[in-house]
Ligand SMILES: Cc1cc2nc3c(=O)[nH]c(=O)nc-3n(C[C@H](O)[C@H](O)[C@H](O)COP(=O)(O)O)c2cc1C
Ligand code: SF4
């Protein structure tokens, strides 16, 4: 029997070869507002991987007064057309359908980008996430924008797109639709009919311009799950009206709102949150309407996607972040290699980055977004080598996986009894335990390639040299740093946040968590300490708490830390800790006022200031190595074979990666490994 996911689907005149698509997502790879080579290469990899359709653009902007806050494609410019043609030709060559999402962002943008035009909306309130106070749309804006939607759709048709989708959740169309964001007192505001008018007029205008043989869909919110907003009953009415209008070829079902980080995570859940939370809801809408249904929201595993299709809940299922993590999901399904799919662990490093104005990157697939340089499919090396890796954290395991795929003889030493390094620590919290997928997948891949693991070994020179390696990779990570900023010595009388997370220490009542790194570790420690009953002062010298944790990822911490037993102190610097009786006296200052100083006491003090590299073995091995540990950065950046020889009589090359070099993150460690090993 054919796998339901692999059955084709007839979308009007367009035959889709299976049921999996990537829904619209702006990776922010555009250059000058156009989808150039990097953008095309990204979508090409996913098309090659077998998806039936890619919905490109996050949302390409149709008007000048919709500043591209996510580096969106400029669909309002005629010059976009040749790039769209290049993109669509490339994707169609892979027998993959391609559409593009169009939008006017309304208030969901800023005014100080692009042409510095005021943002506009159907109401006066700013969107908390983007913070631009909009101008309330005037009649001439409405007429102009409807026309601009039509013109943008025409450009996309000229560029060879199979169709366009409108974004109707939280963007201008959604702002008109929702009673929460529509304050207009004309024919576009107030009643249900009036609020829907803008969407219908945009759809009619587009249909007029593009004709019938062009797919037109709308991604829309059908229940805002908020008092005063679009209710489920009204959402069903919207769905029916749109479907009965005869203007659209499918509905893409969204639920919830997107105007703040915490609310966004209800619509797009991150790790630790429920899988497929809106799938059954999408299925309920399907029963009400007579157009096909698309849906995506944390359907990251194939079993859930298959359930969605085989039970008829939806017609096309989106696995969007899933394909950022592994572009070849469909091929692996076809080849019955589902276990080889690199799992999307929901870390949402990808989406959080674009909200910070950066390009989308996957936390554990460093080739994503770098397809012009780095392949997803690793080829085998003609020359077989012996590669010894010390450390089985994410970087070490990525090195082992790639070296194994290259066909080398790979040996890994790990001091702990299990693999994972800092990820194992982070996965101690229930909400972050899915992070272990990063480790488990690599262990499984390494096992398939016969990588040999030696656990419980604190490797020394002779352990690795006795293996007669051609290359040694030091991926030993680091240990918590107790030497605070420019103090030149470790702070005494303190513990580290790792001590809280690991559960190694009995917590006292009144504790200070001092966070000079701003990353997950301190927040995670605070969460655990509060849960265990301590009273926490959370202090940082920064002007924000958790400054390195991005918006969606900060959400679960701030939810759990809405607790009377935690106080936050920003812009305060811990200067010293000394013992006073059975308490610790802390001396506090501030970078913002040199004269500001005070003392306060705690039972325990815990620090978070990144890690100090565990690099002793690396430095011990340098004299025996050919390259003295040095790296040719020009070659490293593009993943070419390293070529530095300093001691030609020595037998092995020596490199270190990840936190063993300097305190960074999982992506950096994995990217280091990819760049060093891909051509080894
Ligand atoms: C980097 C990134 C950018 C996104 N940008 C958009 C967008 O512009 N428009 C949109 O409708 N959805 C956008 N999304 C949401 C996705 O289309 C999808 O709904 C969401 O990722 C949930 O599906 P998933 O769990 O399969 O990833 C974006 C998602 C990601 C990861
Ligand atoms: S960063 Fe996380 S959520 Fe995003 S694709 Fe990668 S694994 Fe999935």
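Return the residues of segment 450-465 that are out of contact with any strand residue (DSSP E or B) (no Cβ under 7 Å at 6 or more places or on another chain) and either surrounded by 16 or more Cβ atoms within 10 Å (Cβ to Cβ) or within 18 Å of residue 618 (Cα to Cα) (or both); say none if nothing qualifies. Passing the criteria: 458, 460, 461, 462, 465. Residues in segment 293-302 that are within 19 Å of residue 249 (Cβ to Cβ) and within 15 Å of ligand 2 (Cβ to nearest atom): 296 alone. Restricting 472, 443 to residues that are within 30 Å of residue 624 (Cα to Cα), in contact (Cβ under 8 Å) with a residue 60 or more places away in the chain and either in a loop (DSSP other than H, G, I, E, B) or more than 16 Å from ligand 2 (Cβ to nearest atom) (or both) narrows the list to 472. All of 110, 56 fail the test of being surrounded by 22 or more Cβ atoms within 10 Å (Cβ to Cβ) and either away from ligand 2 (no atom under 16 Å from the Cβ) or within 21 Å of the chain's Cα centre (by Cα) (or both), apart from 56.
Going through (1) in contact (Cβ under 8 Å) with a residue 60 or more places away in the chain; (2) buried (at least 20 other Cβ atoms within 10 Å of the Cβ); (3) within 9 Å of ligand 2 (Cβ to nearest atom) one by one, residue 269 falls short only on (3). Annotation for segment 646-658: at least one member residue is under 17 Å from residue 396 (Cα atoms) and part of a helix (DSSP H, G or I). Comparison of 396, 407, 322 shows that the only residue that is away from ligand 2 (no atom under 16 Å from the Cβ) and surrounded by 21 or more Cβ atoms within 10 Å (Cβ to Cβ) is 396. Of all residue pairs spaced 6 or more apart or on separate chains, those with beta-carbon atoms under 8 Å, a first member in segment 293-304 that is farther than 18 Å from residue 270 by Cβ and a second member that is in a loop (DSSP other than H, G, I, E, B) and near ligand 1 (Cβ under 6 Å from one of its atoms) are 294/23. Would you mind stating whether residue 106 is on the phi > 0 side of the Ramachandran plot and modelled with pLDDT of 95 or more? For residue 106, the condition - on the phi > 0 side of the Ramachandran plot and modelled with pLDDT of 95 or more - is met. Have a look at 124, 131 and point out the one that is out of contact with any strand residue (DSSP E or B) (no Cβ under 9 Å at 6 or more places or on another chain) and either touching a residue at least 24 places away in the same chain (Cβ under 8 Å) or assigned to a loop (DSSP other than H, G, I, E, B) (or both). The unique qualifying residue is 131.
Residues in segment 376-389 that are over 14 Å from residue 676 (Cβ atoms) and touching a residue at least 40 places away in the same chain (Cβ under 8 Å) were compared, and the one that is farthest from the chain's Cα centre (by Cα) is 386. Residue under question is residue 348, and the condition is that it be more than 15 Å from ligand 1 (Cβ to nearest atom) and under 24 Å from the mean Cα position of the chain (by Cα); does it hold? No: the conditions fail for residue 348.
So that you can scan it fast, the table gives a plain yes or no per residue for (1) modelled with pLDDT under 95; (2) assigned to a loop (DSSP other than H, G, I, E, B); (3) under 19 Å from residue 319 (Cβ atoms):
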residue	(1), (2), (3)
5	no, no, yes
18	no, yes, yes
21	no, no, yes
25	no, yes, yes
39	no, no, no
44	no, no, yes
50	no, yes, yes
58	yes, no, yes
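Across segment 189-219, the qualifying residues are those that are in contact with a helix residue (DSSP H, G or I) (Cβ under 7 Å, 6 or more places away or on another chain) and within 23 Å of residue 124 (Cβ to Cβ), and the one among them that is surrounded by the fewest Cβ atoms within 10 Å (Cβ to Cβ) is 192. Restricting attention to segment 113-129, the residues being closer than 27 Å to residue 80 by Cα and surrounded by fewer than 19 Cβ atoms within 10 Å (Cβ to Cβ) number 6. On inspection, residue 275 passes the criterion of being within 11 Å of ligand 1 (Cβ to nearest atom), surrounded by fewer than 23 Cβ atoms within 10 Å (Cβ to Cβ) and not in a helix (DSSP H, G or I).
Within segment 1-38, the residues that satisfy the criterion of being away from ligand 1 (no atom under 16 Å from the Cβ) and closer than 30 Å to residue 69 by Cα are 31, 32, 34, 36, 37.
Here residue 499 passes the criteria (1) within 19 Å of residue 584 (Cβ to Cβ); (2) surrounded by 20 or more Cβ atoms within 10 Å (Cβ to Cβ); (3) in contact with a helix residue (DSSP H, G or I) (Cβ under 9 Å, 6 or more places away or on another chain) except the one numbered (2).
Residue count for segment 1-47, restricted to those that are without any contact (Cβ under 8 Å) to a residue 40 or more places away in the chain and touching a helix residue (DSSP H, G or I) at 6+ places or on another chain (Cβ under 6 Å): 0.
Okay, residues lined up against (1) closer than 18 Å to residue 251 by Cα; (2) assigned to a loop (DSSP other than H, G, I, E, B); (3) under 25 Å from the mean Cα position of the chain (by Cα):
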position	(1), (2), (3)
280	yes, no, yes
283	yes, no, no
291	yes, yes, no
304	no, no, yes
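Within segment 325-332, identify whether any single residue is surrounded by 23 or more Cβ atoms within 10 Å (Cβ to Cβ), within 30 Å of residue 477 (Cβ to Cβ), away from ligand 2 (no atom under 16 Å from the Cβ) and at pLDDT 95 or above, and answer yes or no. For segment 325-332, residues surrounded by 23 or more Cβ atoms within 10 Å (Cβ to Cβ), within 30 Å of residue 477 (Cβ to Cβ), away from ligand 2 (no atom under 16 Å from the Cβ) and at pLDDT 95 or above: absent.
Scan segment 306-330 for residues that are over 23 Å from the mean Cα position of the chain (by Cα) and either within 10 Å of ligand 1 (Cβ to nearest atom) or assigned to a helix (DSSP H, G or I) (or both) and jot them down. Result: 306, 307, 308, 309, 310. Which is over 30 Å from residue 506 (Cβ atoms) and either in contact (Cβ under 8 Å) with a residue 60 or more places away in the chain or under 30 Å from the mean Cα position of the chain (by Cα) (or both), of 609, 633? Just a single option satisfies the conditions, and that option is 633.
The values are calculated or read from the model by the stated rules, or taken from the named source; none is laboratory data. Note that the coordinates shown come from a computational prediction; the quantities given were computed from them, not determined experimentally. Methodologically, a virtual Cβ is constructed for each residue, glycine included, from the backbone with ideal geometry; neighbour enumeration extends over all protein chains shown.
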